[in-house]
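First up is the structure itself, then whatever we jot down about it.
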Amino acid sequence: MDKKVQANYELAKELYAAHGIHVDQVLEQLEKIKISMHCWQGDDVKGFLNRDQDLTGGISVTGNYPGAARTPEELRADLEKAFSLIPGKHKVNLHAIYADTDERVELDQLEPKHFERWVDWAKEQGLGLDFNPTCFSHEKSKDGFTLSHSNPEIRQFWIDHCKASRKIGAYFGEQLGQTCVTNVWVPDGYKDVPADRMAPRQRLKSALDEVFAEELNPAHNLDAVESKLFGLGSEAYVVGSHEFYMGYGIQNNKLICLDAGHFHPTEVISNKLSSLALFADGILLHVSRPMRWDSDHVVTMDDELIDIGRELVRGGLLDKTHIGLDFFDASINRVAAWVIGTRNTIKALLRAMLDPVEALKKAELEGDYTTRLALTEEFKSYPFGAVWDYYCASKGVPVREDWLAEVKSYEQEVLLKR
(Lines give C-alpha, C1' and ligand atoms only; values in the text may rest on other atoms or scores of the structure.)
Protein backbone atom coordinates (compact mmCIF):
# COMPACT_ATOMS: atom_id res chain seq x y z
CA MET A 1 0.00 0.00 0.00
CA ASP A 2 1.13 3.53 -0.78
CA LYS A 3 2.82 5.03 2.30
CA LYS A 4 0.91 8.32 1.96
CA VAL A 5 -2.41 6.50 1.89
CA GLN A 6 -1.45 4.56 5.01
CA ALA A 7 -0.16 7.66 6.82
CA ASN A 8 -3.26 9.71 6.00
CA TYR A 9 -5.43 6.86 7.24
CA GLU A 10 -3.61 6.68 10.57
CA LEU A 11 -4.04 10.42 11.10
CA ALA A 12 -7.73 10.18 10.22
CA LYS A 13 -8.17 7.32 12.67
CA GLU A 14 -6.80 9.49 15.47
CA LEU A 15 -9.18 12.34 14.70
CA TYR A 16 -12.22 10.06 14.60
CA ALA A 17 -11.11 8.09 17.66
CA ALA A 18 -11.22 11.28 19.71
CA HIS A 19 -15.01 11.14 19.22
CA GLY A 20 -15.28 7.43 19.98
CA ILE A 21 -15.51 6.41 16.32
CA HIS A 22 -13.50 3.25 15.64
CA VAL A 23 -12.62 3.42 11.95
CA ASP A 24 -11.39 -0.17 11.62
CA GLN A 25 -14.77 -1.41 12.86
CA VAL A 26 -16.55 0.95 10.51
CA LEU A 27 -14.72 -0.55 7.53
CA GLU A 28 -15.58 -4.05 8.67
CA GLN A 29 -19.24 -3.06 8.72
CA LEU A 30 -19.00 -1.31 5.36
CA GLU A 31 -17.54 -4.41 3.72
CA LYS A 32 -20.67 -6.40 4.60
CA ILE A 33 -22.97 -4.09 2.66
CA LYS A 34 -23.82 -5.25 -0.85
CA ILE A 35 -24.90 -2.78 -3.51
CA SER A 36 -27.06 -4.26 -6.27
CA MET A 37 -25.63 -2.83 -9.48
CA HIS A 38 -28.16 -2.71 -12.30
CA CYS A 39 -27.21 -4.43 -15.54
CA TRP A 40 -29.28 -2.14 -17.78
CA GLN A 41 -26.81 0.76 -17.62
CA GLY A 42 -24.52 -1.35 -19.81
CA ASP A 43 -26.76 -1.56 -22.88
CA ASP A 44 -29.37 1.22 -22.50
CA VAL A 45 -32.15 -1.11 -21.29
CA LYS A 46 -32.30 -3.12 -24.52
CA GLY A 47 -31.79 -6.62 -23.14
CA PHE A 48 -31.37 -9.69 -25.32
CA LEU A 49 -34.84 -11.18 -25.74
CA ASN A 50 -36.60 -8.38 -27.64
CA ARG A 51 -33.83 -6.13 -28.92
CA ASP A 52 -35.92 -5.13 -31.93
CA GLN A 53 -38.57 -3.59 -29.65
CA ASP A 54 -38.53 0.14 -28.94
CA LEU A 55 -38.05 1.12 -25.31
CA THR A 56 -41.48 1.79 -23.77
CA GLY A 57 -43.04 2.07 -20.33
CA GLY A 58 -42.42 5.77 -19.84
CA ILE A 59 -38.66 5.23 -19.94
CA SER A 60 -36.19 7.11 -22.10
CA VAL A 61 -32.44 6.69 -22.57
CA THR A 62 -30.62 9.55 -24.29
CA GLY A 63 -27.15 9.69 -25.81
CA ASN A 64 -25.16 7.63 -28.30
CA TYR A 65 -21.81 7.03 -26.60
CA PRO A 66 -20.01 4.16 -28.34
CA GLY A 67 -19.45 0.73 -26.83
CA ALA A 68 -22.82 -0.45 -25.53
CA ALA A 69 -22.92 -4.17 -24.80
CA ARG A 70 -24.61 -6.21 -27.54
CA THR A 71 -24.43 -9.71 -26.08
CA PRO A 72 -24.55 -11.32 -22.63
CA GLU A 73 -20.82 -12.01 -22.90
CA GLU A 74 -20.03 -8.36 -23.60
CA LEU A 75 -22.28 -7.20 -20.79
CA ARG A 76 -20.67 -9.57 -18.29
CA ALA A 77 -17.20 -8.45 -19.39
CA ASP A 78 -18.20 -4.82 -18.83
CA LEU A 79 -19.63 -5.66 -15.42
CA GLU A 80 -16.41 -7.44 -14.47
CA LYS A 81 -14.39 -4.38 -15.44
CA ALA A 82 -16.64 -2.14 -13.36
CA PHE A 83 -16.50 -4.42 -10.31
CA SER A 84 -12.71 -4.55 -10.54
CA LEU A 85 -12.74 -0.80 -9.78
CA ILE A 86 -15.25 -0.92 -6.92
CA PRO A 87 -14.30 -2.07 -3.41
CA GLY A 88 -16.18 -5.02 -1.89
CA LYS A 89 -18.29 -7.88 -3.22
CA HIS A 90 -21.73 -6.92 -4.43
CA LYS A 91 -24.72 -8.03 -6.52
CA VAL A 92 -25.99 -7.65 -10.07
CA ASN A 93 -29.60 -6.68 -10.70
CA LEU A 94 -31.03 -8.38 -13.81
CA HIS A 95 -34.19 -7.71 -15.78
CA ALA A 96 -35.99 -10.63 -17.40
CA ILE A 97 -35.10 -9.42 -20.91
CA TYR A 98 -31.45 -10.19 -20.14
CA ALA A 99 -32.00 -13.95 -20.37
CA ASP A 100 -28.97 -15.68 -21.86
CA THR A 101 -30.44 -18.41 -24.03
CA ASP A 102 -30.15 -19.77 -27.57
CA GLU A 103 -33.88 -20.44 -27.86
CA ARG A 104 -36.67 -18.05 -28.66
CA VAL A 105 -38.76 -17.75 -25.51
CA GLU A 106 -41.65 -15.52 -24.48
CA LEU A 107 -41.64 -13.64 -21.21
CA ASP A 108 -44.37 -15.77 -19.66
CA GLN A 109 -42.43 -18.95 -20.49
CA LEU A 110 -39.10 -17.97 -18.94
CA GLU A 111 -37.51 -20.56 -16.66
CA PRO A 112 -34.39 -20.76 -14.49
CA LYS A 113 -32.59 -22.64 -17.28
CA HIS A 114 -32.61 -19.47 -19.38
CA PHE A 115 -30.38 -17.81 -16.76
CA GLU A 116 -27.99 -20.67 -15.99
CA ARG A 117 -25.08 -18.86 -17.64
CA TRP A 118 -25.69 -15.83 -15.43
CA VAL A 119 -25.69 -18.03 -12.33
CA ASP A 120 -22.50 -19.81 -13.37
CA TRP A 121 -20.83 -16.45 -13.93
CA ALA A 122 -22.07 -15.06 -10.60
CA LYS A 123 -20.64 -18.09 -8.81
CA GLU A 124 -17.27 -17.56 -10.48
CA GLN A 125 -17.28 -13.88 -9.54
CA GLY A 126 -18.60 -14.31 -6.00
CA LEU A 127 -21.61 -12.11 -6.73
CA GLY A 128 -25.28 -12.24 -5.81
CA LEU A 129 -28.14 -11.70 -8.27
CA ASP A 130 -31.40 -9.76 -7.96
CA PHE A 131 -34.23 -9.89 -10.48
CA ASN A 132 -37.08 -7.96 -12.10
CA PRO A 133 -39.91 -8.99 -14.43
CA THR A 134 -39.80 -6.81 -17.56
CA CYS A 135 -43.28 -5.35 -17.99
CA PHE A 136 -42.40 -2.98 -20.84
CA SER A 137 -40.91 -2.91 -24.36
CA HIS A 138 -43.25 -5.65 -25.53
CA GLU A 139 -46.11 -6.03 -27.98
CA LYS A 140 -48.50 -6.72 -25.10
CA SER A 141 -47.53 -3.52 -23.27
CA LYS A 142 -47.73 -1.10 -26.19
CA ASP A 143 -50.97 0.52 -24.96
CA GLY A 144 -49.39 1.29 -21.59
CA PHE A 145 -51.04 -1.39 -19.44
CA THR A 146 -49.86 -4.77 -18.12
CA LEU A 147 -50.97 -6.20 -14.75
CA SER A 148 -53.93 -3.81 -14.64
CA HIS A 149 -54.95 -4.36 -18.27
CA SER A 150 -58.68 -4.50 -18.93
CA ASN A 151 -58.18 -7.42 -21.32
CA PRO A 152 -58.04 -10.55 -19.12
CA GLU A 153 -55.86 -12.46 -21.61
CA ILE A 154 -53.21 -9.76 -21.73
CA ARG A 155 -53.40 -9.33 -17.98
CA GLN A 156 -52.88 -13.08 -17.52
CA PHE A 157 -49.81 -12.97 -19.75
CA TRP A 158 -48.18 -10.46 -17.42
CA ILE A 159 -49.31 -12.34 -14.31
CA ASP A 160 -47.67 -15.48 -15.68
CA HIS A 161 -44.51 -13.53 -16.49
CA CYS A 162 -44.28 -12.20 -12.93
CA LYS A 163 -44.90 -15.69 -11.53
CA ALA A 164 -42.10 -17.06 -13.69
CA SER A 165 -39.83 -14.23 -12.54
CA ARG A 166 -40.35 -15.09 -8.89
CA LYS A 167 -39.29 -18.68 -9.54
CA ILE A 168 -36.19 -17.45 -11.34
CA GLY A 169 -35.41 -15.22 -8.36
CA ALA A 170 -35.78 -18.18 -5.98
CA TYR A 171 -33.43 -20.16 -8.22
CA PHE A 172 -30.84 -17.39 -7.97
CA GLY A 173 -31.08 -17.34 -4.20
CA GLU A 174 -30.85 -21.10 -3.84
CA GLN A 175 -27.91 -21.47 -6.21
CA LEU A 176 -25.88 -18.52 -4.94
CA GLY A 177 -26.61 -18.67 -1.23
CA GLN A 178 -27.61 -15.00 -1.29
CA THR A 179 -31.24 -13.93 -1.06
CA CYS A 180 -32.56 -12.57 -4.36
CA VAL A 181 -34.86 -9.57 -4.29
CA THR A 182 -37.42 -9.84 -7.09
CA ASN A 183 -38.94 -6.43 -7.69
CA VAL A 184 -42.25 -5.89 -9.51
CA TRP A 185 -42.70 -2.59 -11.31
CA VAL A 186 -45.29 -1.91 -14.01
CA PRO A 187 -45.70 1.28 -16.09
CA ASP A 188 -49.51 1.18 -16.22
CA GLY A 189 -51.22 4.54 -16.48
CA TYR A 190 -53.00 7.15 -18.60
CA LYS A 191 -51.62 10.10 -20.50
CA ASP A 192 -54.71 12.16 -19.66
CA VAL A 193 -57.10 12.29 -16.72
CA PRO A 194 -58.99 8.98 -16.41
CA ALA A 195 -62.70 8.61 -15.84
CA ASP A 196 -62.12 5.72 -13.44
CA ARG A 197 -59.13 5.58 -11.12
CA MET A 198 -60.46 2.73 -9.02
CA ALA A 199 -60.99 -0.11 -11.52
CA PRO A 200 -57.37 -0.32 -12.76
CA ARG A 201 -56.14 -0.40 -9.16
CA GLN A 202 -58.62 -3.14 -8.31
CA ARG A 203 -57.32 -5.15 -11.25
CA LEU A 204 -53.71 -4.52 -10.23
CA LYS A 205 -54.37 -5.62 -6.65
CA SER A 206 -56.08 -8.79 -7.83
CA ALA A 207 -53.26 -9.53 -10.29
CA LEU A 208 -50.61 -9.06 -7.61
CA ASP A 209 -52.51 -11.38 -5.29
CA GLU A 210 -52.29 -14.06 -7.98
CA VAL A 211 -48.63 -13.33 -8.70
CA PHE A 212 -47.68 -13.74 -5.04
CA ALA A 213 -50.03 -16.62 -4.26
CA GLU A 214 -47.28 -19.26 -4.21
CA GLU A 215 -45.19 -19.23 -1.07
CA LEU A 216 -41.46 -19.17 -1.77
CA ASN A 217 -38.61 -19.68 0.66
CA PRO A 218 -37.74 -16.17 1.93
CA ALA A 219 -34.13 -17.27 2.32
CA HIS A 220 -34.07 -17.62 -1.47
CA ASN A 221 -36.44 -14.90 -2.68
CA LEU A 222 -37.93 -11.71 -1.27
CA ASP A 223 -40.67 -9.90 -3.18
CA ALA A 224 -40.71 -6.13 -3.62
CA VAL A 225 -43.20 -3.72 -5.19
CA GLU A 226 -42.22 -0.38 -6.73
CA SER A 227 -44.27 2.76 -7.30
CA LYS A 228 -43.88 5.60 -9.77
CA LEU A 229 -45.28 9.12 -9.97
CA PHE A 230 -45.58 9.42 -13.75
CA GLY A 231 -43.94 8.37 -17.00
CA LEU A 232 -43.89 9.38 -20.62
CA GLY A 233 -47.40 8.50 -21.74
CA SER A 234 -48.71 8.22 -18.17
CA GLU A 235 -48.40 11.81 -17.04
CA ALA A 236 -51.89 12.12 -15.55
CA TYR A 237 -52.34 8.83 -13.73
CA VAL A 238 -50.19 5.88 -12.71
CA VAL A 239 -52.03 2.85 -11.38
CA GLY A 240 -49.23 1.72 -9.05
CA SER A 241 -48.82 4.91 -7.03
CA HIS A 242 -46.76 5.18 -3.85
CA GLU A 243 -49.92 5.05 -1.73
CA PHE A 244 -51.11 1.92 -3.54
CA TYR A 245 -47.87 0.00 -3.08
CA MET A 246 -47.24 1.22 0.45
CA GLY A 247 -50.63 -0.16 1.43
CA TYR A 248 -50.18 -3.35 -0.53
CA GLY A 249 -46.67 -3.99 0.72
CA ILE A 250 -47.52 -3.46 4.37
CA GLN A 251 -50.69 -5.55 4.15
CA ASN A 252 -48.97 -8.41 2.31
CA ASN A 253 -45.51 -8.37 3.93
CA LYS A 254 -43.63 -7.31 0.80
CA LEU A 255 -40.58 -5.11 0.54
CA ILE A 256 -41.55 -1.61 -0.52
CA CYS A 257 -39.26 -0.08 -3.12
CA LEU A 258 -38.46 3.61 -2.95
CA ASP A 259 -36.93 4.92 -6.17
CA ALA A 260 -35.29 8.33 -5.82
CA GLY A 261 -36.80 9.47 -9.12
CA HIS A 262 -40.36 8.28 -8.63
CA PHE A 263 -41.74 11.15 -6.58
CA HIS A 264 -42.52 14.85 -6.94
CA PRO A 265 -39.47 17.02 -7.70
CA THR A 266 -39.48 18.45 -4.18
CA GLU A 267 -39.83 15.04 -2.47
CA VAL A 268 -36.88 12.99 -1.28
CA ILE A 269 -36.82 9.34 -0.28
CA SER A 270 -34.40 9.93 2.60
CA ASN A 271 -37.19 11.56 4.60
CA LYS A 272 -39.51 8.58 4.04
CA LEU A 273 -37.19 5.87 5.35
CA SER A 274 -37.78 6.26 9.09
CA SER A 275 -41.56 6.31 8.68
CA LEU A 276 -41.75 3.38 6.31
CA ALA A 277 -39.35 1.29 8.38
CA LEU A 278 -41.75 1.35 11.33
CA PHE A 279 -44.42 -0.51 9.38
CA ALA A 280 -42.82 -2.36 6.47
CA ASP A 281 -41.06 -5.71 6.75
CA GLY A 282 -38.25 -4.35 4.63
CA ILE A 283 -37.27 -1.67 2.16
CA LEU A 284 -35.72 -1.77 -1.29
CA LEU A 285 -33.96 1.35 -2.55
CA HIS A 286 -33.38 2.30 -6.16
CA VAL A 287 -30.77 5.00 -5.76
CA SER A 288 -30.83 7.37 -8.69
CA ARG A 289 -30.55 11.09 -9.43
CA PRO A 290 -33.69 12.60 -10.96
CA MET A 291 -33.33 15.84 -12.86
CA ARG A 292 -36.54 17.64 -13.83
CA TRP A 293 -38.31 14.28 -14.10
CA ASP A 294 -37.49 10.61 -13.56
CA SER A 295 -34.45 10.98 -15.80
CA ASP A 296 -32.25 8.52 -13.88
CA HIS A 297 -28.94 10.37 -14.00
CA VAL A 298 -25.76 8.80 -12.65
CA VAL A 299 -25.62 8.98 -8.86
CA THR A 300 -23.41 11.79 -7.58
CA MET A 301 -22.39 12.72 -4.05
CA ASP A 302 -25.23 15.21 -3.68
CA ASP A 303 -27.15 16.19 -0.54
CA GLU A 304 -29.84 13.56 -1.07
CA LEU A 305 -27.37 10.70 -1.42
CA ILE A 306 -25.60 11.83 1.76
CA ASP A 307 -28.96 12.06 3.55
CA ILE A 308 -29.96 8.57 2.39
CA GLY A 309 -26.74 7.23 3.87
CA ARG A 310 -27.31 9.11 7.11
CA GLU A 311 -30.87 7.88 7.51
CA LEU A 312 -29.86 4.27 6.94
CA VAL A 313 -27.03 4.51 9.46
CA ARG A 314 -28.62 6.71 12.12
CA GLY A 315 -31.92 4.84 11.99
CA GLY A 316 -30.27 1.43 12.20
CA LEU A 317 -31.91 0.47 8.91
CA LEU A 318 -29.05 -1.23 7.09
CA ASP A 319 -30.17 -4.72 8.11
CA LYS A 320 -33.68 -4.31 6.68
CA THR A 321 -32.81 -2.25 3.59
CA HIS A 322 -31.66 -3.61 0.24
CA ILE A 323 -29.70 -1.00 -1.71
CA GLY A 324 -29.87 -1.05 -5.48
CA LEU A 325 -28.99 1.43 -8.21
CA ASP A 326 -31.16 2.52 -11.12
CA PHE A 327 -29.84 4.93 -13.72
CA PHE A 328 -29.09 4.76 -17.43
CA ASP A 329 -26.98 7.33 -19.22
CA ALA A 330 -25.95 6.72 -22.82
CA SER A 331 -24.10 10.05 -23.12
CA ILE A 332 -21.00 8.90 -21.20
CA ASN A 333 -18.86 5.78 -20.91
CA ARG A 334 -21.24 3.19 -19.49
CA VAL A 335 -18.63 1.37 -17.41
CA ALA A 336 -17.58 4.70 -15.89
CA ALA A 337 -21.22 5.41 -15.04
CA TRP A 338 -21.41 2.19 -13.02
CA VAL A 339 -18.14 2.93 -11.24
CA ILE A 340 -19.04 6.53 -10.39
CA GLY A 341 -22.52 5.69 -9.13
CA THR A 342 -21.56 2.64 -7.10
CA ARG A 343 -18.45 4.15 -5.55
CA ASN A 344 -20.46 7.24 -4.58
CA THR A 345 -23.15 5.13 -2.94
CA ILE A 346 -20.57 3.26 -0.86
CA LYS A 347 -18.81 6.52 -0.02
CA ALA A 348 -22.07 8.03 1.23
CA LEU A 349 -22.56 5.08 3.57
CA LEU A 350 -18.98 5.37 4.82
CA ARG A 351 -19.37 9.08 5.39
CA ALA A 352 -22.53 8.44 7.43
CA MET A 353 -20.79 5.76 9.51
CA LEU A 354 -18.03 8.22 10.35
CA ASP A 355 -20.42 10.82 11.76
CA PRO A 356 -20.53 11.27 15.58
CA VAL A 357 -24.02 9.78 15.67
CA GLU A 358 -24.25 9.11 19.39
CA ALA A 359 -22.96 12.57 20.29
CA LEU A 360 -25.45 14.18 17.91
CA LYS A 361 -28.36 12.18 19.31
CA LYS A 362 -27.32 12.97 22.89
CA ALA A 363 -27.12 16.70 22.17
CA GLU A 364 -30.54 16.56 20.51
CA LEU A 365 -32.17 14.78 23.45
CA GLU A 366 -30.70 17.35 25.83
CA GLY A 367 -31.97 20.22 23.69
CA ASP A 368 -28.42 21.31 22.94
CA TYR A 369 -29.04 22.25 19.34
CA THR A 370 -25.95 24.43 19.27
CA THR A 371 -23.71 21.39 19.74
CA ARG A 372 -25.77 19.41 17.27
CA LEU A 373 -25.29 22.02 14.56
CA ALA A 374 -21.63 22.69 15.40
CA LEU A 375 -20.63 19.00 15.25
CA THR A 376 -22.63 18.44 12.08
CA GLU A 377 -20.85 21.27 10.32
CA GLU A 378 -17.34 20.55 11.59
CA PHE A 379 -17.53 16.89 10.58
CA LYS A 380 -18.20 17.91 6.99
CA SER A 381 -14.49 18.70 6.71
CA TYR A 382 -13.24 15.66 8.60
CA PRO A 383 -10.97 13.44 6.46
CA PHE A 384 -13.39 10.71 5.45
CA GLY A 385 -11.63 10.76 2.05
CA ALA A 386 -8.47 9.42 3.68
CA VAL A 387 -10.49 6.52 5.08
CA TRP A 388 -12.05 5.90 1.68
CA ASP A 389 -8.63 5.87 0.00
CA TYR A 390 -7.37 3.31 2.51
CA TYR A 391 -10.48 1.15 2.04
CA CYS A 392 -10.02 1.12 -1.74
CA ALA A 393 -6.31 0.33 -1.46
CA SER A 394 -6.94 -2.44 1.07
CA LYS A 395 -9.43 -4.05 -1.33
CA GLY A 396 -7.08 -3.87 -4.28
CA VAL A 397 -9.00 -1.29 -6.32
CA PRO A 398 -7.69 2.06 -7.59
CA VAL A 399 -7.46 4.99 -5.21
CA ARG A 400 -9.30 8.19 -6.10
CA GLU A 401 -9.48 8.96 -9.84
CA ASP A 402 -6.84 6.39 -10.80
CA TRP A 403 -9.69 4.10 -11.89
CA LEU A 404 -10.47 6.43 -14.79
CA ALA A 405 -7.26 5.51 -16.63
CA GLU A 406 -8.31 1.86 -16.55
CA VAL A 407 -11.74 2.69 -17.95
CA LYS A 408 -10.18 4.80 -20.72
CA SER A 409 -7.83 1.94 -21.60
CA TYR A 410 -10.75 -0.53 -21.62
CA GLU A 411 -12.65 1.82 -23.91
CA GLN A 412 -9.80 1.90 -26.41
CA GLU A 413 -9.05 -1.81 -26.27
CA VAL A 414 -12.61 -3.19 -26.06
CA LEU A 415 -15.54 -0.77 -26.27
CA LEU A 416 -14.54 1.18 -29.38
CA LYS A 417 -13.96 -2.05 -31.32
CA ARG A 418 -17.57 -3.13 -31.01
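Within segment 336-352, is even one residue in contact with a helix residue (DSSP H, G or I) (Cβ under 6 Å, 6 or more places away or on another chain), farther than 30 Å from residue 257 by Cβ and not aromatic (Phe, Trp, Tyr)? No, that holds for no residue. Just one of the listed residues (281, 296) is modelled with pLDDT under 95 and crowded, with 22+ Cβ neighbours inside 10 Å, namely 296. Of all the listed residues (360, 404, 375, 349), the sole one being touching a Pro at 6+ places or on another chain (Cβ under 7 Å) and part of a helix (DSSP H, G or I) is 375.
The residues listed here are 324, 316; of these, the one that is more than 19 Å from the chain's Cα centre (by Cα) and not in a helix (DSSP H, G or I) is 316. Of the residues in segment 268-276, not one is touching a strand residue (DSSP E or B) at 6+ places or on another chain (Cβ under 7 Å), in the same structural domain as residue 162 (by TED's automatic domain parsing), part of a strand (DSSP E or B) and aliphatic (A, V, I, L, M).
Report yes if some residue within segment 69-85 is within 16 Å of the chain's Cα centre (by Cα) and part of a loop (DSSP other than H, G, I, E, B); otherwise report no. Checking segment 69-85: not a single residue is within 16 Å of the chain's Cα centre (by Cα) and part of a loop (DSSP other than H, G, I, E, B). Only residues that are more than 24 Å from residue 249 (Cα to Cα) and either more than 16 Å from the chain's Cα centre (by Cα) or β-branched (Val, Ile, Thr) (or both) were counted across segment 277-300, and they come to 6.
Can you pull out the residues in segment 161-196 that are within 25 Å of residue 49 (Cα to Cα), surrounded by fewer than 20 Cβ atoms within 10 Å (Cβ to Cβ) and hydrophobic (A, V, I, L, M, F, W, C)? 176 - this is the single residue of segment 161-196 that is within 25 Å of residue 49 (Cα to Cα), surrounded by fewer than 20 Cβ atoms within 10 Å (Cβ to Cβ) and hydrophobic (A, V, I, L, M, F, W, C). Tally time: how many residues in segment 160-187 are aromatic (Phe, Trp, Tyr) and either without any contact (Cβ under 8 Å) to a residue 12 or more places away in the chain or not assigned by TED's automatic domain parsing to the domain that holds residue 237 (or both)? Adding up the residues that qualify gives 0. Considering segment 121-160, and only residues there that are closer than 30 Å to residue 32 by Cβ and surrounded by fewer than 23 Cβ atoms within 10 Å (Cβ to Cβ), the residue that is farthest from the chain's Cα centre (by Cα) turns out to be 124. Note on segment 239-263: residues that are closer than 24 Å to residue 202 by Cα and assigned to a loop (DSSP other than H, G, I, E, B) total 7. With respect to (1) part of a loop (DSSP other than H, G, I, E, B); (2) more than 26 Å from residue 288 (Cα to Cα); (3) not small (Gly, Ala, Ser), the lone exception for residue 332 is condition (2). Filtering 131, 115 for residues that are without any contact (Cβ under 8 Å) to a residue 60 or more places away in the chain, farther than 25 Å from residue 401 by Cβ and outside any helix (DSSP H, G or I) leaves a single hit, 131. Considering only residues in segment 197-237 that are at pLDDT below 95, among the small types (Gly, Ala, Ser) and not in a strand (DSSP E or B), the one that is farthest from residue 281 (Cα to Cα) turns out to be 233. I'm trying to understand the selection: among the residues of segment 278-292, which are without any contact (Cβ under 8 Å) to a residue 60 or more places away in the chain, assigned to a strand (DSSP E or B) and not aliphatic (A, V, I, L, M)? Passing the criteria: 289, 290. Just to be sure, is residue 362 in the same structural domain as residue 12 (by TED's automatic domain parsing) and surrounded by fewer than 17 Cβ atoms within 10 Å (Cβ to Cβ)? Yes: the conditions hold for residue 362.
Pairs are defined by a Cβ separation below 6 Å, a sequence spacing of at least 6 or placement on different chains, a first member in segment 61-80 that is within 20 Å of residue 298 (Cβ to Cβ) and at pLDDT below 95, and a second member that is among the aromatic types (Phe, Trp, Tyr) and surrounded by 16 or more Cβ atoms within 10 Å (Cβ to Cβ); the pairs so defined are 61/328.
The values are calculated or read from the model by the stated rules, or taken from the named source; none is laboratory data. Because the structure is a prediction, the values reported are computed rather than measured. Note that each Cβ is placed from the backbone with ideal geometry, even for glycine, and that neighbours are counted across all protein chains shown.
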